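Next up is a structure, given as structure tokens.
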Amino acid sequence: MSPTFPDDGAAVRLLGASLERGGREVLRDLDLDVPRGRITAVMGPSGTGKTSLLGLLSGELAPSRGRVLVEGQDLAALDRGGLFALRRRMGMLFQEGALFTDMSVFDNVAFPLREHTRLPEELVRVIVLLKLEAVGLRGAADLYPSELSGGMARRAALARAVVMDPALVLYDEPLTGLDPISMGVILRLIRDLNRTLGLTSVVVSHDVQEMLTVADCFYLLADGRLIAQGDRASIRAQAASSPWVRQFLEGEADGPVPFHYPARPLWDDLFAGEAA
Ligand SMILES: Nc1ncnc2c1ncn2[C@@H]1O[C@H](COP(=O)(O)OP(=O)(O)O)[C@@H](O)[C@H]1O
Ligand SMILES: [Mg+2]
């Protein structure tokens, strides 16, 4: 279960990857590297394809064009067993971080171990308690999700995402719905877990300012395309010269990034029934 990404190159790489969903191209010609051991942020407004991008990285969705390489392996070349083995080494924190409501915090975190390994229960107990300790919830092991605050529930989901000691962790909007203090706690945990567990992390978020405090590498996604990439200094510098990047970092509603979901002209919708 130890991280075994090769030492050189990116942990995950997209090469000219496009993705179609519902007959529409939602991601277009993406080249993206996820550097090993770092935190990579993919930022962009809702509906720009961030969750879809995580689906590509995890092998859950297949690109319509281009390639996805994980540990240097082309996902398209893997059979079901190979893909399954690879995905077991990935941890995922889904949007809203849903816990099983009918299980205690302990059993939620133990779930992946019981499902995917044959470890004896004494060892499961040790691993789960260590992961709960890491997120500050060892004392809450016997509580049920309904007894947790939003921030605690997110931390429990985080413990579950890393309980298999994954090499790569994918976070989908880990801050959504949290108060500012809980956000700070989750951000610190993402950073600390990345360092102490030697993870590679990809965090997808529309919380630009928060991502700028925690991530090492940044990709800005708008309407299914990458519009900027770089480290923190480079992204900030690009804001000075690009109105797109500036609109992003400053969270302005008006700017070159389109506000409207693609649609036919308003006129056509308003008078749809009348044309003959
Ligand atoms: N299961 C699906 N089937 C068809 N289209 C989808 C599906 N899921 C998402 N989409 C479309 O893909 C685009 C990107 O969605 P998504 O990746 O969820 O964006 P984000 O996570 O940035 O909000 C949207 O236009 C959305 O409507
Ligand atoms: Mg999403």
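No value in this document is a laboratory result; all are computed from the given coordinates. Since this is a predicted model, take the numbers as computed values, not measurements. Cβ: placed from backbone, ideal geometry, glycine included. Neighbour counts: every protein chain shown.
Net charge around Val105, counting only other residues with Cβ within less than 15 Å of its Cβ (Lys, Arg = +1; Asp, Glu = -1)? Kindly include the intermediate steps, with their values, before the conclusion.
Numbers: positive: Arg114, Arg125, Lys131, Arg138, Arg154, Arg155, Arg160; negative: Asp102, Asp107, Glu133, Asp142, Glu147.
Spelling it out: positives minus negatives among the neighbours equals +2.
Once phi is turned into ³J(HN,Hα) by the Karplus curve 6.51 cos²θ - 1.76 cosθ + 1.60 with θ = phi - 60°, what whole-Hz value does each residue of region 119-124 show in order, with x for glycine and proline?
Per-residue couplings from phi come out as 5, x, 4, 5, 6, 3 Hz.
How far apart, in nm, are the 7 Å Cα→Cβ label points at Ser64 and Arg225?
1.6
OK, next. Relative contact order, percent, of the chain when contacts are C-alpha pairs under 8 Å separated by at least 6 residues? List each step's numbers first, then the result.
On the way: 484 pairs, mean separation 66.4, N = 276.
Averaging sequence separation for qualifying contacts and normalising by length gives 24 percent for the chain.
On full extension of the chain, what length is gained from Thr196 through Thr101, given 0.36 nm per residue of separation minus the C-alpha to C-alpha distance?
Length gained between Thr196 and Thr101: 31.3 nm.
Expressed in nm², what is the orientationally averaged projection area of the convex hull enclosing the Cα positions of region 122-171? Show your work: numbers first, answer last.
Numbers: hull surface 14.9 nm².
Its Cα hull, projected and averaged over all orientations, spans 3.7 nm².
May I pose another question? I need the phi-derived Karplus couplings for region 34-51: 6.51 cos²θ - 1.76 cosθ + 1.60, θ = phi - 60°, integer Hz, Gly and Pro marked x.
These are the phi-based 3J(HN,Hα) values: 10, x, 4, x, 10, 10, 9, 9, 10, 10, x, x, 4, x, 8, x, 5, 5 Hz.
Can you give me the long-range amide H partners of Asp223? Hydrogens built in the peptide plane at 1.01 Å from N, cutoff under 5 Å, separation of 5 or more residues or another chain.
So Asp223 has HN proximity to no qualifying residue.
For the chain, compute Rh as the Kirkwood radius over C-alpha pairs and then the Stokes-Einstein diffusion coefficient at 10 °C and 1.306 mPa s; write the answer in µm²/s, rounded to an integer.
Values: Rh = 20.0 Å.
It diffuses with D of about 80 µm²/s by this estimate.
Based on the inverse mean of 1/r over its pairs of different Cα atoms, what is the Kirkwood hydrodynamic radius of region 81-131, in Å? It would help to have the intermediate numbers written out before the result.
On the way: mean 1/r = 0.0814 Å⁻¹.
About 12.3 Å for region 81-131.
On the principal axes of its Cα set, how long, how wide and how thick is region 1-145? Give whole Å, largest value first.
Cα extents, longest axis first: 47, 33, 28 Å.
Normalised by the number of residues in region 128-264, what is the relative contact order in percent for Cα pairs under 8 Å and 6+ residues apart?
15
Run the dipole for region 107-175 about the Cα centre, Lys and Arg Cβ at +1, Asp and Glu Cβ at -1, nothing else charged, and hand back the magnitude in debye, nearest 20.
100
Another question, then. Amide H neighbours of Thr200 under 5 Å, at least 5 residues apart or on other chains, H built in the peptide plane: list them.
Gly37, Leu168, Val169
May I ask for the angle, rounded to the nearest 10°, between helix 150-162 and the longest principal axis of the chain, with both axes built from Cα atoms and the value confined to 0 to 90°?
Between the helix axis and the principal axis of the chain, the angle is about 80 degrees.
What list of ³J(HN,Hα) couplings, whole Hz, do you get for region 164-173 from phi and the Karplus terms 6.51, -1.76, 1.60, once you set θ to phi - 60° and write x for glycine and proline?
Along region 164-173, the couplings run 8, 6, x, 7, 10, 10, 10, 10, 9, 6 Hz.
Using Cα pairs under 8 angstrom and six or more residues apart, how large is the relative contact order of region 73-151, in percent?
Here the relative contact order equals 35 percent.
Please report, in cubic angstrom per residue, the volume enclosed by the convex hull of the alpha-carbon atoms of region 149-247.
On the way: hull volume 10.6 nm³, N = 99.
So the per-residue hull volume is 107 Å³.
Quote the convex hull volume per residue of region 157-213, based on C-alpha atoms, as a whole number of Å³. Mind dumping the intermediate values first?
Values: hull volume 4.4 nm³, N = 57.
Convex hull of Cα atoms, per residue: 77 Å³.
To the nearest 0.05, what FRET efficiency results for Ala233 and Gln209 with a Förster distance of 22 Å applied to their C-beta separation?
Result of the calculation: an efficiency of 0.90.
Here's something else I'd like to know. Between Glu20 and Leu129, what is 0.36 nm times their sequence separation minus the Cα-Cα distance? Round to one decimal in nm.
Extra length available between Glu20 and Leu129 comes to 35.1 nm.
Could you give the dipole magnitude of region 1-127 about its Cα centre, charging the beta-carbon of Lys and Arg +1 and that of Asp and Glu -1, in debye to the nearest 20? Walk me through the numbers before you get to the answer.
Details: 16 positive and 17 negative charges, 32 e Å.
With Lys and Arg at +1 and Asp and Glu at -1, about 160 debye.
Relative to 2.2 N^0.38 Å, what does the C-alpha radius of gyration of region 111-201 come to as a ratio? Two decimals please.
1.07
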